[in-house]
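What follows draws every value from the coordinates through simple rules; no lab data is involved. For clarity, every value in this text was computed on a predicted model and none was experimentally measured. Using ideal geometry, Cβ is built from the backbone for each residue, glycine included, and neighbour counts are taken over all protein chains shown.
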Amino acid sequence: MPTALITGASRGLGRALARALIRDDWKLVIDARGAADLEAVARELGQLGDVTALPGDVSDPEHRRALVAAAGDQLDLLVNNASALGPSPQPPLALYPPSELQRVFRINVLAPVALIQLALPKIPAGGAIINVTSDAAVEAYEGWGGYGSAKAALEQVSAVLGAEHPDLRVYAVDPGDMNTRMHQEAFPGEDISDRPPPEESVPGFIALIGGTLPSGRYRSHDLVEVEAA
């Protein structure tokens, strides 16, 4: 039974992906900052398979060590999904508090790198690392300077890791717009009900996980279109 570690799995994309993987007989280690929400997801998934849920913050070194230890001797898939948007509404870079910018980079870049460093000895050849990114990493949207620049850094991290570890599959995956709490925080007061649910992004992730595509940047919806073709 393969093992996956998914961060930020109490809601949104992380929860949707965890549901899909456990139905495919994956053993899961999941985390989130919100203990109550994570416990509810763990109860649901625990009826379907083997799941270990550890509440905590991925920017905490002790928590990262506990996550990797919980995976056991082998980790076949690491999904860095936990993320921080920053202030809501998002300020222009000229007014962005440096302390908040540091927090966004700490959670969106430094924590995934540190978790990867701990996990690498347990990931076998052919194993996969998925770093969840955003179109804000490659497009210049007003107000997205903090989050977007952090995701751009995460994408470069992914590209370099892929070059340094050719025996692994290292992906930066853009899930597209989704109707999630974070997306709502990015657009406070706006109606985002026209955005698709995160479940619609999951098939692309599953196709990537089960496939043989080389390391690189992918959009989840494009992966489904390729699969259908």
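Anisotropy class assigned to segment 3-228 is rounded, per the alpha carbon gyration tensor with a/c under the 1.5 cut-off. Amide H contacts under 5 Å for A53: I30, restricted to partners 5 or more places along the chain or on a different chain, H placed in the peptide plane at 1.01 Å from N. Residues whose amide H falls under 5 Å from that of A82, counting only those 5 or more places apart or on a different chain, are T7, G8, with hydrogens built in the peptide plane.
According to the square roots a ≥ b ≥ c of the eigenvalues of the Cα gyration tensor, what is the shape class of segment 17-85, taking rounded for a/c under 1.5, prolate for a/b larger than b/c otherwise, and oblate for the remainder? In terms of gyration-tensor shape, oblate.
Each helix, a run of at least 4 DSSP H residues, gives -39500 (n - 2.57); summed and divided by the residues of the chain, these come to -12500 deg cm²/dmol at 222 nm.
Computing FRET efficiency as 1/(1 + (r/R0)^6) for V160 and S99, where r is the C-beta to C-beta distance and R0 is 30 Å, gives about 0.65.
A cut-off of 5 Å between modelled amide H atoms, ignoring neighbours fewer than 5 places along the same chain, links V170 with I129, S215, G216. A Gaussian network model of the chain, with springs between Cα atoms under 10 Å, assigns the largest mean-square fluctuation among R195, R219, R106 to R195.
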